[in-house]
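The values are calculated or read from the model by the stated rules, or taken from the named source; none is laboratory data. For clarity, every value in this text was computed on a predicted model and none was experimentally measured. Methodologically, a virtual Cβ is constructed for each residue, glycine included, from the backbone with ideal geometry; neighbour enumeration extends over all protein chains shown. Quick note on the areas: whole protein, heavy atoms, side chains included, nothing else; ligands and nucleic acids left out. Shrake-Rupley method; radii C 1.70, N 1.55, O 1.52, S 1.80 Å.
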Amino acid sequence: MAGSLLIELDRVEKTYVQAGVDTRVLRGVSLAVGRGEFVALQGPSGSGKSTLLHILGLLERPTAGRYLLSGEDVSGFADDRLSELRNRHFGFVFQSFYLIPYASALENVLLPGLYGPESRRSLEHRAQELLARVGLADRASFKPSQLSGGQQQRVAIARALINQPAVIFADEPTGQLDSATSAEIMQLLADICTQGASIVMVTHDEETAAFAQRRIRILDGRILDNGGPGPAEG
Amino acid sequence: MRRALRLLPRVAGFALDAVLAYRLRSAFVILAVALGIAALTVIVTSIDGANRKALEIVDMFGHDAVFLLGGDIESRAVGKRTLTLTWDDARTIRQSIPGAYLAVPMRAKSNITARFGSRNFDLPVVVGTTEGYAQVWNWPLSEGRDFTAEDVAHGAKVGLIGDTVAQELFGDRSPVGQIVFLGSLPVQIVGRLSYRGLSGGGGSVDDRIAIPLTTLAQRFNLDRKYFRAIRVKFHNPEFMDAHVENLRSLLRHLHRIAPDQPDDFTILTADQILQFLAMLRGGLVAFLGLTAGGAILVGGFVLANLFSISVAERTTEIGLRKALGAATWAITAQILAEAAMLTLAGALLGMALGMGLGQALSRLGILEIQFSMKVFAIAVASALAIAAIFGLRPARHAAGLDPVQALRRSEG
Ligand SMILES: Nc1ncnc2c1ncn2[C@@H]1O[C@H](COP(=O)(O)OP(=O)(O)OP(=O)(O)O)[C@@H](O)[C@H]1O
Ligand SMILES: [Mg+2]
């Protein structure tokens, strides 16, 4: 993966058709995310933030437009190929954590790794390290129901890091947490960013958005303000 | 492909975690499948048992012999005279049918009590016969001797005792030389028939006493001229069809039957007995097969329903797995593996249940059950088939979930 532009969207459209009614959610979005960037997507509810994040995360396909991953157009890739790309290069953090309820913290962290090529031993080693890094070394065997919301989100962040991704996508990662816990989680994400991963985060909270280097504002499926001159070099 | 092979054990691990996590679902599927497999186990083992039994019966009957019965099948059914065979018939058969070297007449009297000292035994049958009885049934004597021609000619009060009767009346002592009362008739035991262990019809073949046919006819006031059956043994069993034809022509001639009249006798061969047993077994297979098929179908539907519900409940988990990089096949494989683990557990439990049930039934003498690798293989194959057939729809449904839709749904 050469070049500093990791992801480029070129005039991306997303239209949902439901019961014969078209909903144009994204209307010609062009956007670039660079390596090591911390980007916040902001906008009112229903403006298309999550949809944009899903498209950036290769979870959804645009209706029109191109998606370049390190310069390669992956728009036409088959579903399983996209799964592999997500698994290898992306990490995901969700508002409601989405941990597997019957699996321990450690097993949850391992999950994306187990769908990849790496050996279980080295994955387990890294999972332990990551749990220690998010301050949960002593909670590895706990089930999600035995953890607080903040702790669950830390497990989810460790899970997002297990395959050493290039980008982490986070959709309102602090949406269910109190402000003190939110600040801890945001600090954690900011630290991860300084260690080289890009972060793309949806938020409508100004305090949270303040952790990002760049803010993109969306309204009615269009980018109002792409947050400045573009990705910084290096 | 290599990637898939490496992932397979991990997918199995995910399946095992889920199977252990959703215990209620697991228990219901295991139980439902176990009932079907139990029924299947009973049917397979009992068919095996019936086959073995048929072979034993035919073995005892012998491929080198026929059983000649008085009356043809139709006249017997409408209650016409069935005592058509005579001493002359028996003698002529032995003398003039090529290859026939034994022709032993038989007649039975039922429900007679045998008594020795203070011990009683209710005999289902007392058989009246002649010398050659043990030989003609391939039934060796474990002690003593067979009847002689003199025994028969003089209506001697001598008898051959079945093994079970000997056990009951004499315990470990030898019955040979002892006097047993058949009703009021004292009979000296001269031989003991070896243990056959075959049951069928009115109880075990070892529950009998045989005496000379002449003695039976005199003492129990039966017709002296006619008897019920003749067993004929032949050399060269490979020509059995010809033997049977010769026998039929001779008897029609001896009984002066006009060409347009039906036989007044029936010739039973080992082949016919096999056919008859196969027919009986066919009924058993059809009945048990329907039962087992129904039970397995029910197990399959329970599985399909519980798995559909489970996939719906686990939409978030499945959407998450896909979002985090699980390939479509990995989801399908996980759900199918969950199903297979449960149906296999159900198969093991079902086999245990089926064997238990079978033991109970064989103790009642209804069926004969024996475990075999065949039962195991059929049970395991059916379990996998149930998982594949009934788990496929829920598995494909899960694999086809759109991760974004799945995750959005659980947010609402
Ligand atoms: N599958 C779908 N079918 C039809 N419309 C959809 C679908 N998914 C999303 N939408 C619509 O797209 C629009 C944008 O949704 P999106 O979730 O991207 O908004 P958002 O900016 O993330 O809002 P919020 O801040 O409330 O999370 C909404 O009007 C929503 O109803
Ligand atoms: Mg949203």
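Only one residue in B:THR315, B:THR266 is surrounded by 15 or more Cβ atoms within 10 Å (Cβ to Cβ), touching a Leu at 6+ places or on another chain (Cβ under 6 Å) and among the polar types (S, T, N, Q), so which one is that?
Of B:THR315, B:THR266, the one residue that is surrounded by 15 or more Cβ atoms within 10 Å (Cβ to Cβ), touching a Leu at 6+ places or on another chain (Cβ under 6 Å) and among the polar types (S, T, N, Q) is B:THR266.
Listed here are the residues, each with its yes/no results for (1) within 16 Å of ligand 1 (Cβ to nearest atom); (2) in contact (Cβ under 8 Å) with a residue 24 or more places away in the chain; (3) outside any helix (DSSP H, G or I); (4) more than 14 Å from chain B (Cβ to nearest Cβ).
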position	(1), (2), (3), (4)
A:LEU131	no, yes, no, yes
A:SER145	no, yes, no, no
A:VAL155	no, yes, no, no
A:PRO173	yes, yes, yes, no
A:GLN176	yes, yes, yes, no
A:SER182	no, yes, no, yes
A:ASP191	no, no, no, yes
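If a residue has to be within 16 Å of ligand 2 (Cβ to nearest atom) and of a type in the set (Lys, Arg) to count, how many in the stretch A:31-54 make the cut?
The number of residues fulfilling the criteria is 1.
So, A:PHE97, is that one touching a residue at least 24 places away in the same chain (Cβ under 8 Å), of a type in the set (Phe, Trp, Tyr) and within 14 Å of chain B (Cβ to nearest Cβ) or not?
yes
Just checking, how many residues over the stretch A:178-209 are within 16 Å of ligand 2 (Cβ to nearest atom) and either at pLDDT 95 or above or open to solvent by less than 50 Å² (accessible area, probe 1.4 Å) (or both)? I'd like the intermediate steps shown before the answer.
At the first step, the residues of the stretch A:178-209 found to be within 16 Å of ligand 2 (Cβ to nearest atom) are A:200-205, A:208-209.
Next cut, either at pLDDT 95 or above or open to solvent by less than 50 Å² (accessible area, probe 1.4 Å) (or both) only: A:200-203, A:208-209.
Number of matching residues: 6.
Which is under 26 Å from A:ILE55 (Cβ atoms) and more than 7 Å from chain B (Cβ to nearest Cβ), of A:ARG121, A:ARG81?
A:ARG81 is the lone residue from the list that is under 26 Å from A:ILE55 (Cβ atoms) and more than 7 Å from chain B (Cβ to nearest Cβ).
Could you please find all residues in the stretch B:322-346 being touching a Gly at 6+ places or on another chain (Cβ under 9 Å), small (Gly, Ala, Ser), within 11 Å of chain A (Cβ to nearest Cβ) and not in a loop (DSSP other than H, G, I, E, B)?
B:ALA323
Is it fair to say A:ARG66 is facing chain B (nearest Cβ under 10 Å) and farther than 16 Å from B:LEU320 by Cα?
no
I want to confirm something. Restricting to the stretch A:140-156 and keeping residues that are in contact with a Lys or Arg (Cβ under 9 Å, 6 or more places away or on another chain) and open to solvent by less than 20 Å² (accessible area, probe 1.4 Å), which single residue is nearest to ligand 2 (Cβ to nearest atom)?
A:VAL155
So if I check each of B:GLY62, B:GLY13, B:GLY71, which one is out of contact with any Gly (no Cβ under 9 Å at 6 or more places or on another chain), among the small types (Gly, Ala, Ser) and surrounded by fewer than 17 Cβ atoms within 10 Å (Cβ to Cβ)?
B:GLY13
Just to check your reading of the model, which residue among B:SER118, B:SER110, B:SER142 is surrounded by fewer than 18 Cβ atoms within 10 Å (Cβ to Cβ) and either out of contact with any Gly (no Cβ under 9 Å at 6 or more places or on another chain) or closer than 24 Å to B:LEU254 by Cα (or both)?
Sole residue among the options that is surrounded by fewer than 18 Cβ atoms within 10 Å (Cβ to Cβ) and either out of contact with any Gly (no Cβ under 9 Å at 6 or more places or on another chain) or closer than 24 Å to B:LEU254 by Cα (or both): B:SER118.
Does the stretch B:157-166 contain at least one residue that is among the aliphatic types (A, V, I, L, M), at pLDDT below 90 and closer than 24 Å to B:GLU56 by Cα?
no
Which residues, taken from the stretch A:19-30, are open to solvent by 10 Å² or more (accessible area, probe 1.4 Å) and either aliphatic (A, V, I, L, M) or within 16 Å of ligand 2 (Cβ to nearest atom) (or both)?
Correct list: A:ALA19, A:VAL21, A:THR23, A:VAL25.
Any residue that is within 24 Å of A:GLN42 (Cα to Cα) and either buried (at least 17 other Cβ atoms within 10 Å of the Cβ) or away from ligand 1 (no atom under 16 Å from the Cβ) (or both) - is there at least one of those in the stretch A:97-110?
Yes - at least one qualifying residue is present in the stretch A:97-110.
Kindly provide the set of residues from the stretch A:43-52 that are open to solvent by 10 Å² or more (accessible area, probe 1.4 Å), more than 10 Å from every other protein chain (Cβ to nearest Cβ) and not in a loop (DSSP other than H, G, I, E, B), ordered by number.
Answer for the stretch A:43-52, where residues must be open to solvent by 10 Å² or more (accessible area, probe 1.4 Å), more than 10 Å from every other protein chain (Cβ to nearest Cβ) and not in a loop (DSSP other than H, G, I, E, B): just A:LYS49.
Among the residues of the stretch A:84-93, write down those that are facing another protein chain (nearest Cβ under 8 Å) and touching a residue at least 12 places away in the same chain (Cβ under 8 Å).
Matches in the stretch A:84-93: A:ARG86, A:ASN87, A:ARG88, A:PHE92.
Condition test on A:ASP225, is it away from ligand 1 (no atom under 16 Å from the Cβ), surrounded by fewer than 15 Cβ atoms within 10 Å (Cβ to Cβ) and over 19 Å from the mean Cα position of the chain (by Cα)? Give the derivation first.
Working: away from ligand 1 (no atom under 16 Å from the Cβ): no; surrounded by fewer than 15 Cβ atoms within 10 Å (Cβ to Cβ): yes; over 19 Å from the mean Cα position of the chain (by Cα): yes.
No, not satisfied.
So, restricting to helices (runs of 4 or more DSSP H) that lie completely within the stretch B:15-132, which ones have at least 2 residues that are of a type in the set (Asp, Glu)? Break it down stepwise before answering.
Working: elements: B:23-61, B:73-77, B:87-96.
Filter on the stretch B:15-132 gives B:23-61, B:87-96.
Is at least one residue of the stretch B:273-294 within 14 Å of chain A (Cβ to nearest Cβ) and open to solvent by 30 Å² or more (accessible area, probe 1.4 Å)? It would help to see each step written out before you state the result.
Here is the first cut: in the stretch B:273-294, the residues within 14 Å of chain A (Cβ to nearest Cβ) are none.
The answer is no, given that none of the residues of the stretch B:273-294 is within 14 Å of chain A (Cβ to nearest Cβ) and open to solvent by 30 Å² or more (accessible area, probe 1.4 Å).
Being within 23 Å of A:ASN87 (Cβ to Cβ), within 16 Å of ligand 2 (Cβ to nearest atom) and either open to solvent by less than 60 Å² (accessible area, probe 1.4 Å) or more than 14 Å from every other protein chain (Cβ to nearest Cβ) (or both): is that true of A:GLY57 here?
Yes; evaluated as a whole, the condition is true for this residue.
Restricting attention to the stretch B:157-165, does a residue exist that is assigned to a loop (DSSP other than H, G, I, E, B) and surrounded by fewer than 15 Cβ atoms within 10 Å (Cβ to Cβ)?
Checked the stretch B:157-165: no residue is assigned to a loop (DSSP other than H, G, I, E, B) and surrounded by fewer than 15 Cβ atoms within 10 Å (Cβ to Cβ).
When you check B:GLY300 against the structure, is it assigned to a helix (DSSP H, G or I), in the same structural domain as B:LEU7 (by TED's automatic domain parsing) and either more than 35 Å from the chain's Cα centre (by Cα) or not polar (S, T, N, Q) (or both), yes or no?
Taking the combined requirement at face value, the residue satisfies it.
I'd like to know if the stretch B:14-24 contains one or more residues that are touching a helix residue (DSSP H, G or I) at 6+ places or on another chain (Cβ under 7 Å), away from chain A (no Cβ under 14 Å) and farther than 24 Å from B:GLY293 by Cβ.
For the stretch B:14-24, residues touching a helix residue (DSSP H, G or I) at 6+ places or on another chain (Cβ under 7 Å), away from chain A (no Cβ under 14 Å) and farther than 24 Å from B:GLY293 by Cβ: absent.
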